[in-house]
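Notes follow the structure.
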Amino acid sequence: MDFNHSEERRMLQDTLHRYLSDNYDAKQRAISVGYVKGCSEKIWSDFAELGVIGALFAEEHGGFGGGGFDIAVVFEELGRFACVEPLMASGVMAGRLLSELGSEDQKALIGDVIGGQLKIVPALEEPQSRYDLDAVETTAERVEGGYRLNGTKSVAIGGPSADKLIVSARGAEGLQLFLVDADASGVERYSYPNLDGYHASDIALVNAVVPASACLGTSKAVLPALDAARAAGVVALCAEAVGAMEAAKDLTAEYLRVRTQFGRALGKFQALQHRMSTVLIEIEQARSALINVAGHLSAEPSLRDKHVSAAKNLIGRVAQLVCEETIQLHGGIGMTEEYALGQYAKRLMMIDHQLGDVDYYLERFVGAMQREAAREAMS
């Protein structure tokens, strides 16, 4: 089986790699993190011009990709450079929800998203939900001409820079999604930088009234669409983690090559060689998991979700090992704020907690296997 990227994906990867190499160093990252919105409008505009955002959308929606491997190509490079621009939130998850559930008028916004003029961010999780997208206490009350929303959303990544939000709420019809202007009356954003530099918002909805046209899809279609969007988001996070682990590994290999002790390079010591070999092997295993889940993103939901759970669990465990080993192989410098390794380690730890941690996906995987065994027993 050929796991090489197509020529178009290789061109996209090379283009993005060259752009980030030339324009996204540690100084630029610090500038992006320092903005109130948590990202650089110039970088975002350049991503749009290079076609990076368009690669996250299918052709029928104005893009030129949208598949699992298209997402993986983009986010592996973003992870390699510790890029904090909120492409996963706006380009992947919100884009999937708009593409699948949006009306014609709502889908028309996708062109502005691809062009870089509009950022739409999902606000789905709540303080009590613990990764369960159906555990929604935000309410949607029918009023004349629309809905009144009340509730709280937690840790909406990319929230400070969002022009619009996709908000989940529970109404008389069940679970619903609404497209809400981020600056609308009754919408209050409390924004902050996370440990890894990504900015997020807690969002309070206080009698926020939206028109009936703001509703995304039917209630029956919402939960399957949320699961599909989360699966795409997990592929993006897994790819970003693999890119970050590769960068951490390269930093460590170079450090072991140039740092000397007792008159010898650290890389000459066999014990350290063995530990570095473990890191290399585990990263290759993580890459295999990424390839597997990217290839199953368009599979039927139960099969897709089984591979999503397996990949997120495995890559989360490998990321922890890589963080621990690379920091220990560096010694004290690996813990400093100024050194790039610390940024990769913090991002890898935060990736584990986005959209579900290793324990959450282990439970999902076990449940999927038990249901599969029960079906086979009944057949």
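The values are calculated or read from the model by the stated rules, or taken from the named source; none is laboratory data. Just so it is clear, the model here is predicted, and its values are computed rather than measured. Counting neighbours? That spans all protein chains shown, and the Cβs are built from the backbone with ideal geometry, glycine included. Surface accessibility is based on the protein's heavy atoms, side chains included, excluding ligands, DNA and RNA. Shrake-Rupley method; radii C 1.70, N 1.55, O 1.52, S 1.80 Å.
What's the lysine pair count for the range 204-354 at a Cα cut-off below 24 Å, pairs eight or more apart or interchain?
Details: 220/306; 249/268; 249/312; 249/346; 312/346.
Within the range 204-354, the lysine pair count is 5.
At 1.4 Å probe size, with no ligands or nucleic acids counted, give the accessible surface of residue 139 in Å², nearest ten.
Rounded to the nearest 10, that gives 60 Å².
Report the FRET efficiency, 1/(1 + (r/R0)^6), for residue 41 and residue 359, where r is their Cβ-Cβ distance and R0 is 41 Å, rounded to 0.05.
0.65
How high is the relative contact order of the chain, given as a whole-number percent (alpha carbon pairs under 8 Å, six or more residues apart)? Provide the component values of the computation, followed by the final result.
Numbers: 673 pairs, mean separation 61.0, N = 379.
Averaging sequence separation for qualifying contacts and normalising by length gives 16 percent for the chain.
Solvent-accessible area per residue for the chain at a 1.4 Å probe radius, Å²?
Values: 16940 Å² over 379 residues.
About 45 Å² of surface per residue is accessible.
Once phi is turned into θ = phi - 60°, what whole-Hz ³J(HN,Hα) does the Karplus curve with 6.51, -1.76 and 1.60 give for every residue of the range 242-249, x standing for Gly and Pro?
So the J values, rounded to whole Hz, are 4, x, 5, 5, 4, 5, 5, 5.
Between residue 199 and residues 5 or more places away or on another chain, which pairs have amide H atoms under 5 Å apart, with H built 1.01 Å from N, and which residues are they?
HN-HN under 5 Å from residue 199: 158, 194.
Measure nothing fancy, just the Cα-based angle from helix 41-50's long axis to the longest principal axis of the chain, in degrees from 0 to 90, nearest 10.
90 degrees
Count neighbours as other Cβ atoms within 10 Å of each site's Cβ, and list the GluC sites (Glu not before Pro) in the range 235-338 that are DSSP loop with at most 10 such neighbours.
Values: sites: 240, 246, 254, 282, 284, 324, 325, 337, 338; in loops: 337, 338.
Sparse-neighbourhood loop GluC sites (Glu not before Pro): 337, 338.
Carbon and sulfur: what percent of the chain's accessible surface (1.4 Å probe)? Display every interim value, and only then the final one.
On the way: 8990 of 16940 Å².
Its accessible area is 53 percent carbon and sulfur atoms.
Tell me whether the range 47-161 comes out rounded, prolate or oblate; compute the Cα gyration tensor, take square roots of the eigenvalues as a ≥ b ≥ c, and use a/c under 1.5 as the rounded threshold.
oblate
Show 350, 378, 276 ordered by accessible area, largest first, where the area counts protein heavy atoms only and the probe is 1.4 Å.
On the way: 350 50, 378 165, 276 20 Å².
The most accessible residue leads, giving 378, 350, 276.
Near residue 205, within a Cβ-to-Cβ distance under 15 Å, what is the net charge of the other residues, with Lys and Arg +1 and Asp and Glu -1? Don't skip to the answer; put the middle values down first.
Working: positive: 148, 153, 164, 170, 189; negative: 125, 126, 137, 141, 181, 183, 188, 202.
Neighbourhood net charge equals -3.
Suppose the chain between residue 221 and residue 103 were pulled fully straight at 0.36 nm per residue; how much longer would it get relative to their current alpha carbon spacing?
Numbers: separation 118, 0.36 × 118 = 42.48 nm, distance 1.31 nm.
Length gained, residue 221 through residue 103: 41.2 nm.
Can you give me the angle between helix 358-378 and the longest principal axis of the chain, using Cα atoms only, in degrees from 0 to 90, rounded to the nearest 10?
Relative to the chain, helix 358-378 is tipped by roughly 70 degrees.
Once you mark the chymotrypsin sites (Phe, Trp or Tyr not before Pro) that are in a DSSP loop and have at most 13 other Cβ atoms within 10 Å, what is the longest gap between them in the chain? Working shown, then result.
Numbers: sites that count: 3, 262.
In the chain, the maximal stretch lacking such sites is 4-261.
Let me have the 222 nm mean residue ellipticity of the chain computed from DSSP H runs of 4+ only, each contributing -39500 (n - 2.57), with the sum over all residues rounded to the nearest 500.
Working: 12 runs with 196 residues, N = 379.
It lands at -17000 deg cm²/dmol.
Using only the alpha-carbon atoms, how far is helix 7-23 inclined from the longest principal axis of the chain? Give it as 0 to 90 degrees, nearest 10.
For 7-23 against the chain, the angle is about 70 degrees.
Where the centroid of each part is defined by its Cα atoms, how far is the range 226-283 from the range 32-102 in Å?
So the separation of the two Cα centres works out to 25 Å.
With no solvent and one point on each alpha carbon, what is the Debye value of log10 I(q)/I(0) for the range 133-244 at q = 0.12, 0.17 Å⁻¹?
The Cα Debye sum returns log10 ratios of -0.45, -0.86.
Suppose R0 equals 30 Å. What FRET efficiency, 1/(1 + (r/R0)^6) with r the Cβ-Cβ distance, do residue 258 and residue 288 give to the nearest 0.05? Please report the intermediate quantities before stating the final value.
Values: r = 31 Å, r/R0 = 1.02.
The computed FRET efficiency comes out at 0.45.
Using the Kirkwood radius over Cα pairs, work out the Stokes-Einstein diffusion coefficient for the range 241-379 at 37 °C and 0.692 mPa s, in µm²/s as a whole number. It would help to have the intermediate numbers written out before the result.
On the way: Rh = 16.5 Å.
For the chosen part, D equals 199 µm²/s.
Taking a temperature of 37 °C and a viscosity of 0.692 mPa s, what whole-number D in µm²/s does Stokes-Einstein yield for the range 313-379 with Rh from Kirkwood over alpha carbon pairs?
Working: Rh = 13.9 Å.
For these conditions, the coefficient is 236 µm²/s.
If you only keep lysine pairs separated by 8 or more in sequence, or across chains, how many in the range 1-160 come under 19 Å at the Cα atoms?
Working: 27/37; 27/42; 37/119; 37/153; 42/119; 107/119; 119/153.
Count of close lysine pairs: 7.
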